[in-house]
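The values are calculated or read from the model by the stated rules, or taken from the named source; none is laboratory data. Nothing here was measured: the structure is a model prediction, and the numbers come from that model. All Cβ positions, even for glycine, are placed from backbone atoms using ideal geometry, and neighbour counts span all protein chains on display. Just the protein is used for accessible areas: all its heavy atoms, side chains included, with ligands, DNA and RNA removed. Shrake-Rupley method; radii C 1.70, N 1.55, O 1.52, S 1.80 Å.
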Amino acid sequence: MASFPTDARMSKWNQMVIMMLAGMLVVCQLPLVSVLADDNQRYHFQAERTLYEDFSEYFIGYEGSFVLYDMKADQFQIYNKEKSIQRVSPDSTFKIFLSLFALNANAIDLNHSTIKWDGIRYPYESWNMDQNLKTAMKSSVNWYFQELDRRIPPDQRQAYLKQIGYGNAKLTGGTTPYWLESSLKISPVEQVQLLKAMYTNEWEFEETHVQAVKDAIQVGENDGKLLFGKTGTGTVNNENQNGWFIGYVEHKENTYFFATNIQEGDNSNGSTAAKITLAILKEKGIY
C-alpha cells in the first residue's frame, strides 16, 4: 500500500514522457509532410540557361505564367517563376499525349482513327458526329478522348505517364476524367519540356505516331512559320477557372516551345490563354 502513491506518480510521469515524445515526433514529421505535399504541388525546376521576364501587361486580371523554350539557344524564358512550376489540371491539353498513348497501344491506328458518334446530343454541334483524330483534336471532343482512354488498359496508361514523366502521374480521378480538374496535375514548365521531348521523339515511340499527333495539332501558318498547339479549359461549378494554351512554333532553322496558363479571372479559358500567347509571340517576332 505504501508503494502505491510512488508507483502512481511514476506511471503518470511515464505517460507524460510518452505524450511529450509522441508530440515531438509529430512536430518533427510536419516538415516532411510539408515537403511531400510540395513535391506533389510544385515541380522542382533547375535550368542554368533561364531568363525571367515581365509580361504582366498581358496578364492583367489574371494569375498566370508564360514559359518559352528556344531550342536553338537551349534557353528558357519565363514569366512568373512561382506560377510556372505550380502544378494544376492539364484539362484538354492532355489530349496531345493521350493520342500518342492510344496510337502506341493500338487503341486506334493511323488509317482507322474514326470512332462513331455515340448518339448523345452534346452542347457543341461539332461533337455530334463521327470523329477521327484530327477532327476530335480540332474541336476538343471529350467523348472521343474518353473512349480512347477506355481502350488503354489502366496499368499500361500508368506506365506511359511514368515513361514520359507526366506531372504527378496520378490517375485516381473521380466522377470526371482524371485530366479534367481532377487528380492529374502538371506545371507550365513541364508542359514545355514534354512538348520538346515529343517533338524530338526522346521517348522513341513510333515516328509515324508522333507525326500523326503533330499533324493533328497544327493550327496555323504565317509567312512560313508553322504554329502547333492545343487549348485547355478547366470548369468548376460552371465557371471557367483554368485556361491553357501549349504548343510550339516551327521555323526553318529553329523551334520555340511554349505554355501559357491563366487562373482566377473572368474568362480563364483556353481561348484567352491563346490570345495572350499569340500577343507575346508576336512581340518577340516568333509568330
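Taking the numbered list (1) in contact with a helix residue (DSSP H, G or I) (Cβ under 6 Å, 6 or more places away or on another chain); (2) under 30 Å from residue 67 (Cα atoms); (3) touching a residue at least 40 places away in the same chain (Cβ under 8 Å) in turn, residue 88 passes all entries but (1).
Just one of the numbered conditions (1) farther than 24 Å from residue 185 by Cα; (2) in contact (Cβ under 8 Å) with a residue 40 or more places away in the chain; (3) surrounded by 20 or more Cβ atoms within 10 Å (Cβ to Cβ) is not true of residue 260: (1). Going through (1) part of a loop (DSSP other than H, G, I, E, B); (2) more than 23 Å from residue 178 (Cβ to Cβ) one by one, residue 205 falls short only on (2). Tell me whether segment 269-278 contains one or more residues that are within 14 Å of residue 91 (Cβ to Cβ) and at pLDDT below 95. No, segment 269-278 contains no residue that is within 14 Å of residue 91 (Cβ to Cβ) and at pLDDT below 95.
Residues that are among the polar types (S, T, N, Q) and outside any helix (DSSP H, G or I) within segment 258-284 comprise 260, 261, 263, 267, 268, 269, listed in sequence order. Can you tell which of 248, 287 is aromatic (Phe, Trp, Tyr), assigned to a strand (DSSP E or B) and over 14 Å from the mean Cα position of the chain (by Cα)? Selected residue: 248, the only one of 248, 287 that is aromatic (Phe, Trp, Tyr), assigned to a strand (DSSP E or B) and over 14 Å from the mean Cα position of the chain (by Cα). Restricting the search to segment 128-145, which residues are in a helix (DSSP H, G or I) and open to solvent by 60 Å² or more (accessible area, probe 1.4 Å)? Passing the criteria: 134, 138.
Matching residues to (1) open to solvent by less than 70 Å² (accessible area, probe 1.4 Å); (2) out of contact with any Phe, Trp or Tyr (no Cβ under 7 Å at 6 or more places or on another chain); (3) not in a helix (DSSP H, G or I):
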| residue | (1), (2), (3) |
| --- | --- |
| 102 | yes, yes, no |
| 117 | no, yes, yes |
| 148 | yes, yes, no |
| 160 | yes, no, no |
| 171 | yes, no, yes |
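The number of residues in segment 199-223 being of a type in the set (Val, Ile, Thr) and buried (at least 19 other Cβ atoms within 10 Å of the Cβ) comes to 3.
Look at segment 173-198: where a residue is within 14 Å of residue 93 (Cβ to Cβ) and open to solvent by 10 Å² or more (accessible area, probe 1.4 Å) and a partner is assigned to a loop (DSSP other than H, G, I, E, B) and among the basic types (Lys, Arg), sitting 6+ places away or on another chain with Cβ atoms under 6 Å, you get 185/87.
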